[in-house]
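J.: Got a structure here, written out as structure tokens. Questions coming.
The values are calculated or read from the model by the stated rules, or taken from the named source; none is laboratory data. Since this is a predicted model, take the numbers as computed values, not measurements. Here the Cβ positions follow ideal geometry from the backbone for every residue, glycine too, while neighbour counts run over all protein chains shown.
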Amino acid sequence: MKKQLEQLSAYEPGLSPEALKNKYGIERELFKLASNENLYGPTPKVKEAIEQHLDELYYYPESGSPGLRKVLSEHLNVDESRILFGAGLDEVILMISRAVLTPGDKIVTSEATFGQYYHNAIVESADVVQVPLKDGGFDLEGILQSIDEHTALVWLCNPNNPTGTYFNHETLFHFLERVPSHIPVLIDEAYVEFVTAKDFPDTLKLQETFDNAFLLRTFSKAYGLAGLRVGYVVASADAIEKWNIIRPPFNVTRLSEYAAIAALEDQAYLNEITQKYAEEREKFYAIPQSEHFLPSQTNFIFVKTTNSKALYDELLEVGCITRPFPTGVRITIGFPEQNQKMIEVLQNFNY
Ligand SMILES: *Cc1c(COP(=O)(O)O)cnc(C)c1O
């Protein structure tokens, strides 16, 4: 076994609604608001697309997802050679780490960010530098200062999970200007569709200036396809060509590819959903107790408290399964009914 596996443990999912009901003897319906899924689900066109292709299950998928590649390349206006798909963004992160990192390399990222950057770096015997948060968000200046000759990858998450915070276009531009151009900067935008801030980075545009600015996105969150596993990276054609060597030949399933095409083609549905989330998000920030929340551009909110266990329990009491962290609780925004209940808890909680 690789020795470094002793430093890691397998991913621990939160308890399912069923398991929690049994554990706490809860009768009423529970809503899983712990993993930032879109509760409205994908456009109904996805179901139609899957039904149309149900008789093809015995065929392998088309390697490299050419159908989805074509539609996505037109949607983003980038060349097909610059896109690589994974079975979820998780697999993209794994493939990049595997392709790039060798023992003695370093990755630089933030503390309190998506855990897979760290996890995959350790598996590849790389060292991890986690720069402390600044004002609850990524400290790009701190990250810049931590880059040295051993740095092989820089991982940014924007907006960040689990904090919900973001950095703007100008900040990212100024950062990229100063990162040595041979170091890939991976920018994870898993929640970009939920963003309403006008100054959020146009990362596709920045890629025209910076060859080492790479963009990662997923169909799991706003597109509502977490169960089907499709994510991707937009990078230089050279990097994609190399990373593609790592890709398992049939990683994205047939049905997932058709589903993602259908989801991408229904932008009207996506807009409707993200608008609903933006409206619901506002309701949380309208209460005075929102001074305890980090600002969010996503479909979740990080509530700061030294007593996260108590807050988690109170939210569970009203039927909402959230995600506790040592410094607070991350709440995925749900349907208006659950949000109202959570807001009432947050109005009365002793932070
Ligand atoms: C959910 C999430 C991912 C993983 O997405 P999948 O496509 O479901 O694997 C990656 N990065 C961030 C920041 C996420 O929140």
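J.: Could you tell me which of the residues Ile83, Ile107, Ile93 is under 15 Å from the mean Cα position of the chain (by Cα), among the β-branched types (Val, Ile, Thr), buried (at least 19 other Cβ atoms within 10 Å of the Cβ) and under 20 Å from Val233 (Cα atoms)?
T.: When all the criteria are applied, what remains is Ile93.
J.: Can you find a residue in the stretch 121-129 that is touching a Lys or Arg at 6+ places or on another chain (Cβ under 7 Å), part of a loop (DSSP other than H, G, I, E, B), buried (at least 17 other Cβ atoms within 10 Å of the Cβ) and hydrophobic (A, V, I, L, M, F, W, C)?
T.: Yes, the stretch 121-129 contains at least one residue that is touching a Lys or Arg at 6+ places or on another chain (Cβ under 7 Å), part of a loop (DSSP other than H, G, I, E, B), buried (at least 17 other Cβ atoms within 10 Å of the Cβ) and hydrophobic (A, V, I, L, M, F, W, C).
J.: Restricting attention to the stretch 1-44, and to residues there that are among the aliphatic types (A, V, I, L, M) and farther than 23 Å from Gly88 by Cα, which single residue is surrounded by the fewest Cβ atoms within 10 Å (Cβ to Cβ)?
T.: As a first pass, look at the stretch 1-44 and keep what is among the aliphatic types (A, V, I, L, M): 1, 5, 8, 10, 15, 19-20, 26, 30, 33-34, 39.
Next, from what is left, pick out any that are farther than 23 Å from Gly88 by Cα: 1, 19-20, 26, 30.
Working: Met1: 5, Ala19: 13, Leu20: 16, Ile26: 14, Leu30: 21.
The extreme case among them is Met1.
J.: Can you tell me which of (1) modelled with pLDDT of 95 or more; (2) under 23 Å from Glu12 (Cβ atoms); (3) of a type in the set (A, V, I, L, M) is the one Ile245 doesn't meet?
T.: For Ile245, the exception is condition (2).
J.: Here is a further query. Here's a check for you: in the stretch 283-315, which residue that is of a type in the set (Ser, Thr, Tyr) and within 24 Å of the chain's Cα centre (by Cα) is farthest from Glu344 (Cα to Cα)?
T.: Of everything passing the filter in the stretch 283-315, Thr298 is farthest from Glu344 (Cα to Cα).
J.: Of (1) in contact (Cβ under 8 Å) with a residue 40 or more places away in the chain; (2) away from the ligand (no atom under 16 Å from the Cβ), Phe200 satisfies all except one. Which?
T.: Of the numbered conditions (1) in contact (Cβ under 8 Å) with a residue 40 or more places away in the chain; (2) away from the ligand (no atom under 16 Å from the Cβ), the odd one out for Phe200 is (2).
J.: Let me ask you something else. Of all residues in the stretch 68-100, how many are closer than 15 Å to Phe214 by Cβ, more than 16 Å from the ligand (Cβ to nearest atom) and assigned to a helix (DSSP H, G or I)?
T.: Number satisfying all stated conditions: 5.
J.: Step by step: first the residues of the stretch 167-196, then only those that are touching a residue at least 60 places away in the same chain (Cβ under 8 Å) and assigned to a loop (DSSP other than H, G, I, E, B), then the one that is surrounded by the most Cβ atoms within 10 Å (Cβ to Cβ). Which residue is that? Full working, then the answer.
T.: Kept after step one, since they are touching a residue at least 60 places away in the same chain (Cβ under 8 Å), are these residues of the stretch 167-196: 184, 186, 188, 190-191, 193-196.
Adding the requirement that they be assigned to a loop (DSSP other than H, G, I, E, B) leaves 184, 190-191, 195-196.
Working: Pro184: 22, Ala190: 24, Tyr191: 26, Val195: 19, Thr196: 12.
My answer is Tyr191.
J.: Turning to a different aspect of this structure: Need the failing condition index for Asp148 against (1) more than 14 Å from the ligand (Cβ to nearest atom); (2) in contact (Cβ under 8 Å) with a residue 24 or more places away in the chain; (3) in a loop (DSSP other than H, G, I, E, B); (4) more than 26 Å from Leu8 (Cβ to Cβ), just the number.
T.: Only one criterion is unmet by Asp148, namely (4).
J.: Show the residue pairs meeting these rules: Cβ distance below 8 Å; 6+ apart or different chains; first residue within the stretch 15-37 and acidic (Asp, Glu); second residue at pLDDT 85 or above and more than 16 Å from the ligand (Cβ to nearest atom).
T.: Pairs found: Glu29/Gly319.
J.: Does Thr209 satisfy the criteria of being over 25 Å from Asn271 (Cα atoms), more than 15 Å from the chain's Cα centre (by Cα) and not basic (Lys, Arg)?
T.: Numbers: over 25 Å from Asn271 (Cα atoms): yes; more than 15 Å from the chain's Cα centre (by Cα): yes; not basic (Lys, Arg): yes.
Against the criterion (over 25 Å from Asn271 (Cα atoms), more than 15 Å from the chain's Cα centre (by Cα) and not basic (Lys, Arg)), Thr209 qualifies.
J.: Can you confirm whether the stretch 256-270 contains a residue that is free of Cβ contacts under 8 Å to residues at least 40 places away in the same chain and of a type outside the set (Lys, Arg)?
T.: To start, the set of residues in the stretch 256-270 that are free of Cβ contacts under 8 Å to residues at least 40 places away in the same chain comprises 267-268.
Of the ones still in play, those that are also of a type outside the set (Lys, Arg) are 267-268.
The answer is yes; a qualifying residue exists.
J.: Can you tell me which of Gly164, Gly227 is within 15 Å of the ligand (Cβ to nearest atom), surrounded by fewer than 17 Cβ atoms within 10 Å (Cβ to Cβ) and not in a helix (DSSP H, G or I)?
T.: Numbers: Gly164 fails: surrounded by fewer than 17 Cβ atoms within 10 Å (Cβ to Cβ).
Just one listed residue meets the conditions, Gly227.
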